[in-house]
1. Peptides 35-41, 195-201, 269-275: what's the order by average Cβ count within 10 Å, highest mean first?
2. Starting from the Cα of LYS117, draw a straight line to each of the aspartates and glutamates and keep only those under 16 Å, dropping any in the same chain fewer than 8 residues away.
3. Using a cut-off of 9 Å between beta-carbons, work out the net charge of the residues near ARG226 (Lys and Arg +1, Asp and Glu -1, ARG226 not included).
4. Taking a quarter of the surface of the convex hull around the Cα atoms of region 1-65, what do you get in nm²?
5. Per-residue HN-Hα couplings for region 278-286, Karplus 6.51 cos²θ - 1.76 cosθ + 1.60 at θ = phi - 60°, whole Hz, x for Gly and Pro?
6. Principal axis lengths of region 28-79 from Cα atoms, whole Å, largest first?
7. If the reach is capped at under 13 angstrom between alpha carbons, list the aspartates and glutamates near LYS42, excluding any in the same chain fewer than eight residues apart.
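What follows is calculated from the coordinates using simple rules that are stated; it is not laboratory data. These figures come from a predicted structure and were not determined experimentally. Heads up, the Cβs are rebuilt from the backbone with ideal geometry, glycines too, and the neighbour counts pull from every protein chain shown.
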Amino acid sequence: MFKTCAFCNAPFDGDGGPSGLGVGRRLAFDEWRGRLWVVCSKCSRWNLTPLDDRLERIESVARAAGGTGRVVAATEQVALIRWQRYDFVRVGKPQRVELATWRYGERLRTRQRERMKVVVPLSIAAIGLGIAANVAAGGGLGVFVWNLHSIVDSVYVRMVGRRRVVLPEVPICANCGTVMELRARHVQHARVVPDAHAEIAVVLSCPRCRRDGAQLTGADAVQVLRQGLTYLNVTRSGRRRAADAARVVDQVGGPDRLLHEVARREVTLKSLRPERRLALEMAVDERAEVEELERQWREAEEIAEIADGTLSTTEQLEEELRRIKNRLGYQPNG
Ligand SMILES: [Zn+2]
Ligand SMILES: [Zn+2]
């Protein structure tokens, strides 16, 4: 088995786990077509593994995935399964899956780490400044230290809110005609709405005139939602325990139902209850991830068809050649 990605040449991470390949932390498999890929952690392209003993490898990956693996997200064709420290992507076989425990906890820890990267240096700088200012003013440190946490915290929240929302095409307000240059904090006034032609649709409020400015669907809608919800969920009122959000999703009956219900009510993101907001963010995130996987799979499958197809054609040719030789009286000699 190759040790580096055929597309970007980066070395694979992981040890292949149950596949026995010796490389790979994210593996994709298709039991029906007998395909096995190592997904590159750097460029996310799918590397088709060689044919020899592929079936046994697929079988042991499928066994691990089906046994104690958790399905974290799924489309009709693709399921993302976590097992120990591996990610398995099961493709091709439409199968009803139970969406098990969400990885909210994991996500929240990552966010907390990201926050500390800003908060810690900022606090150190603020303490230095505060001491200088207080000494200069002849005052004590008590009040300053008391406020430090909330000062630093609001700086962080504002920083996340100022992040630019980058879209392939900048929307123009249908009401006042201005180019809508959106920051994450502007998205809090957006609404998820039902749309007959798209799975997700969002109506953006114009930062200038504050009326409904533009409607986004598909990948654009997902991106805007993710940024807006991330901002709302780092604000103080938005920090909720993962368990509360998980309960919300369970009560509604799954991430898709949650999206549906939020769209039906057409309320702004800001007016959603905090645990619902967090649940919605997770639902949108996982959907985006698994949809991207489905896109990657379709691409990888095209390549696999060519690669494996060529091989079987060669085998057919060899077989045909043997038959012709036999007919002509050649003796096969190994
Ligand atoms: Zn790569
Ligand atoms: Zn406007």
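1. 35-41, 269-275, 195-201
2. Within reach: ASP153.
3. -2
4. Numbers: hull surface 15.1 nm².
In nm², the orientation-averaged hull projection of region 1-65 is 3.8.
5. Result, rounded to whole Hz: 5, 4, 5, 4, 5, 4, 5, 4, 5.
6. 29, 27, 19
7. ASP13
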